[in-house]
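K.L.:
This is the structure, below, for whatever I ask next.
The values are calculated or read from the model by the stated rules, or taken from the named source; none is laboratory data. Predicted model, so just to flag it, every value in this text is computed and none were measured. Cβ atoms come from the backbone with ideal geometry, glycine included; neighbour counts cover every protein chain shown. Please note that ligands, DNA and RNA were not included when accessible areas were found on the heavy atoms of the full protein model with its side chains. Shrake-Rupley method; radii C 1.70, N 1.55, O 1.52, S 1.80 Å.
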Amino acid sequence: MFYRETGQFKSSYAADMAIFPIRQDRIALWVVLAAAFVAVPLLDFFQVWPFGGEYILRAILIPFLILSLAAIGLNILTGYCGQLSLGSGAFMAIGAYSTYKFCTGVHIPLELFTISIPPLPVLPSILLGALMSAFVGILFGIPSLRIKGLYLAVATLAAQFFFDWVFIRVKWFTNYTSSGSVAAPDLVFFGFTVTTPIHRYLLCLVFVSIFALLAKNLVRGNIGRQWMATRDMDIAAELMGIRPLYAKLSAFALSSFVMGVAGALWAFVYLGAWEPLAFNIDRSFQILFMVIIGGLGSILGSFLGAAFILVLPILLDQVPHALGVPVSVETVSLLVFVVTGALICWLLIVEPRGFARLWSTGKEKLRLWPYPY
Amino acid sequence: MRAPDGPPVTAGDVLLSIDNVSLSFGGVKAVSGVSFDIRKGEIRAIIGPNGAGKTSMLNIINGFYHPQEGVITYKGEARAKMRPHDAADGGIARTFQNVALFRGMTALDNIMAGRTLKMRRNMFWQMLRVGPALAEEVEHRHRVEEIIDFLKIQEIRRTPVSRLPYGLQKRVELGRALAMEPELLLLDEPMAGMNIEEKEDMSRFILDVNDHYGTTIALIEHDMGVVMDLSDRVVVLDHGIKIADGTPNEVKSNQAVIDAYLGVAH
Ligand SMILES: Nc1ncnc2c1ncn2[C@@H]1O[C@H](COP(=O)(O)OP(=O)(O)O)[C@@H](O)[C@H]1O
Ligand SMILES: [Mg+2]
């Protein structure tokens, strides 16, 4: 079957504006969704995991989903709106710790009155936690109205270090545990407690699917065009009636909201118990690399980048092993650095829009194949 | 500080008037004491040698530069200092001397971006993209497709603009400005760097826009032939000063203009 749009005439603009206007792409999407929602649970049910056990679920699929979500969050801000941020870790942390506080009850005695919120169920806690993250995102986005590029990156870096410090030093956030580490309460959703890896996986999958769809809708709508216009040529954008304040701060808010959800999932669903270290500057860079490698300004790219960054260390570990070449753990982690670094340099030079663009150029060639024009 | 909405201006009346406007950058006087007006429905050319202050004049009109002196009256109301997006709100659109498209976006998205101010659905609707949000998107897509047909750029609608040749980029940029359905359209050298054929196409588009939609146009152009053909009235700037103002024929025979263009020492 050729990859063609020939013969697939769009009867309306609505059809032409579907997420995947080409039938083959739509089929591919359904296959992926079916695999994710049906095949994986079946594999788990019959315990026929390749490589045995639930390793793939725990160590690859769950972190892949959550980090993809974080990458979508950063992509909204950096890829679509063009505001470089090194503070992803901080926004994830705010999501995680706020969710924790809402789950365990908030009690703030003030001079005149006391703010007291009883412990809330997990789902509203996550959404409220993400809202906190969005709020802080807006605050740290305000400098973006004055400063750009690297200077803005430094401002977001400041956010990263500030919140690293806050969550280590301000014991209130960790409910005064002696170790500074916190454990997530039970994951109860609508009366159902999520415990097994497959349930955790499905939980993440639902979150990621919903947010990916919402994000995709946003970026191909009016606000998405405002973000991209601001990214590509802010002066021209303003001359067309796009308010920089609204465009930038909405990107900061939505981006931090999504990263806040990702942070909460990372803490509650993937880690279960965590320390502030889980959201340090390394996490920020990891997510930035995912976005750069996967594709700035592409939702699909967020998934590709997350998959690559997660799978690379495993491949570098397993492949030499399978070939009978023993490689030490240190060498593997060194190799990961080298390969990631080299790849980023290569991409920045050859294809700054990352894997996603390579993918779409490939498709374009395929569409014309076998005639180059 | 919104753009004045004012009463509707009928054809032939003054849409915008510039009174005694001066703008300087540090020591450089880009515009000094210039006055002229633009009437509803006309094509008004602004000409002059390089560095005459033409682009600065457009930048003043759409609120990007704020003149140190002078009064700008738009639709009958003296205009306060305003931001560019307020000018856009008030119905002023423009294209740029050096193409200023959104390079990472397709031609279609660039033109759709011109509809921003006309789209009303908030972010939550856009996120869901169903019902009224989708209907709005489709409705504006229709308008944009009309513009695409008008400019004959159907084949390139899905092409990222950075890959388009210069002439087509200029055309897409015109499309983006038209998508705003402006009352006053500012065109900064829309034909610079084009060959004869492209210039003829562009001239036709400009005349058609003016004819069909009654859009008032202020046009900066170097090619005197084009200016003669297109414009109703011409204002001539040199070194930031207005040296002539009138019909193309009046201006053409004006001695000061001939001197300025031939580079006679002042
Ligand atoms: N942003 C700016 N900063 C400093 N000088 C400027 C700026 N914009 C324009 N000028 C100066 O103003 C004068 C008029 O420029 P401009 O309006 O671009 O001329 P034109 O479009 O007629 O060629 C020139 O001397 C130019 O150097
Ligand atoms: Mg100029």
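K.L.:
Report, in deg cm²/dmol and to the nearest 500, the calculated mean residue ellipticity at 222 nm for chain A, where each DSSP H run with n ≥ 4 adds -39500 (n - 2.57) and the sum is divided by the residue count.
P.N.:
After summing the helix terms and dividing by the residues of chain A, the value is -20500 deg cm²/dmol.
K.L.:
Just going by the charge dipole of chain B, with Lys and Arg at +1 and Asp and Glu at -1 on Cβ, which of B:VAL227, B:GLY76, B:GLY26 is farthest out on the positive end?
P.N.:
It is B:GLY26.
K.L.:
Using +1 at the Cβ of each Lys and Arg and -1 at the Cβ of each Asp and Glu in segment B:34-131, identify which of B:MET123, B:ALA45, B:ILE111 lies farthest towards the dipole's positive end.
P.N.:
B:MET123
K.L.:
Would you mind computing the Rg to Rh ratio of chain A from its alpha-carbon coordinates, Kirkwood style for Rh?
P.N.:
A ratio of 0.98.
K.L.:
How large is the Rg to Rh ratio of segment B:108-223 when both quantities use alpha carbon positions and Rh follows Kirkwood?
P.N.:
Here Rg/Rh amounts to 1.01.
K.L.:
Give me the dipole magnitude in Debye, nearest 20, for chain B about the Cα centre, with unit charges on the beta carbon: positive for Lys and Arg, negative for Asp and Glu.
P.N.:
940
K.L.:
For the A and B pair, go ahead and give the buried accessible area with a 1.4 Å probe, both sides summed, in Å² to 100.
P.N.:
Roughly 3400 Å².
K.L.:
Let me ask something else. Considering chain A as a Gaussian network with a 10 Å cut-off on Cα pairs, which listed residue, A:ARG225, A:ARG146, A:ARG353, attains the greatest mean-square fluctuation?
P.N.:
Evaluated over chain A, the most mobile residue of the options is A:ARG146.
K.L.:
I need the shape label for segment A:51-136. Rule: rounded when a/c is under 1.5, else prolate if a/b > b/c, else oblate, with a, b, c from the alpha carbon gyration tensor.
P.N.:
oblate
K.L.:
For B:LYS81, which aspartates and glutamates qualify as cross-link partners when the Cα separation must be under 19 Å and same-chain residues fewer than eight apart are set aside?
P.N.:
A:GLU238, B:ASP5, B:ASP19, B:ASP37, B:GLU69, B:ASP89
K.L.:
Of A:VAL311, A:VAL208, A:VAL319, which is the most mobile in a GNM of chain A whose springs link Cα atoms less than 10 angstrom apart?
P.N.:
A:VAL319
K.L.:
Would you calculate the volume per residue, in Å³, of the smallest convex hull containing every Cα atom of segment B:1-136?
P.N.:
Here the figure is 163 Å³ per residue.
K.L.:
Let me have the 222 nm mean residue ellipticity of chain B computed from DSSP H runs of 4+ only, each contributing -39500 (n - 2.57), with the sum over all residues rounded to the nearest 500.
P.N.:
-10000 deg cm²/dmol
K.L.:
Restricting to bridges with both residues inside the protein assembly as shown, how much of the DSSP beta-bridge set is antiparallel, in percent to the nearest 5?
P.N.:
Around 65 percent of the beta bridges assigned by DSSP in the protein assembly as shown are antiparallel ones.
K.L.:
Could you work out which residue, out of A:PRO121, A:PRO109, A:PRO50, moves most in a Gaussian network model of chain A, that is, has the largest mean-square fluctuation with Cα springs under 10 Å?
P.N.:
Top of the fluctuation ranking is A:PRO109.
K.L.:
Once you have a ≥ b ≥ c as the square roots of the Cα gyration tensor eigenvalues for segment A:134-286, tell me rounded if a/c is under 1.5, and otherwise prolate or oblate according to whether a/b is larger than b/c.
P.N.:
Oblate is the answer for segment A:134-286, as a/c is 1.5 or above yet b/c matches or exceeds a/b.
K.L.:
Moving on. By DSSP, what percent of the beta bridges with both residues in segment B:128-266 are antiparallel, rounded to the nearest 5?
P.N.:
Restricted to segment B:128-266, the bridges split so that about 50 percent are antiparallel.
K.L.:
Now for a different question. Going by Cα centres, segment B:120-149 and segment A:215-288 are how many Å apart?
P.N.:
When both Cα centres are located, 23 Å separates them.
K.L.:
How many angstrom lie between the C-alpha centres of segment A:24-75 and segment A:302-373?
P.N.:
19
K.L.:
Classify chain B as rounded, prolate or oblate, taking a ≥ b ≥ c as the square roots of the eigenvalues of its Cα gyration tensor: rounded when a/c is under 1.5, otherwise prolate if a/b is larger than b/c and oblate if not.
P.N.:
The shape class here is prolate.
K.L.:
Averaged across orientations, what area in nm² does the convex hull of the alpha carbons in the protein assembly as shown project?
P.N.:
Approximately 36.5 nm², given one-decimal rounding.
K.L.:
May I pose another question? Using a simple charge model, +1 on the beta-carbon of Lys and Arg, -1 on the beta-carbon of Asp and Glu, nothing else, what dipole does the protein assembly as shown show about its Cα centre, in debye to the nearest 20?
P.N.:
1220
K.L.:
Can you send over the carbon and sulfur percentage of the accessible area for the protein assembly as shown, probe radius 1.4 Å, protein chains only?
P.N.:
So the carbon and sulfur contribution to the accessible surface is 65 percent.
K.L.:
Let me ask something else about it. Which entries of A:LYS216/B:LYS54; A:LYS148/B:LYS40; A:LYS148/B:LYS29; A:LYS171/A:LYS216; B:LYS54/B:LYS75 show an alpha-carbon separation above 32 angstrom in the structure shown?
P.N.:
In this structure, A:LYS216/B:LYS54; A:LYS148/B:LYS40; A:LYS171/A:LYS216 lie more than 32 Å apart at Cα.
K.L.:
Run the dipole for segment B:19-113 about the Cα centre, Lys and Arg Cβ at +1, Asp and Glu Cβ at -1, nothing else charged, and hand back the magnitude in debye, nearest 20.
P.N.:
120
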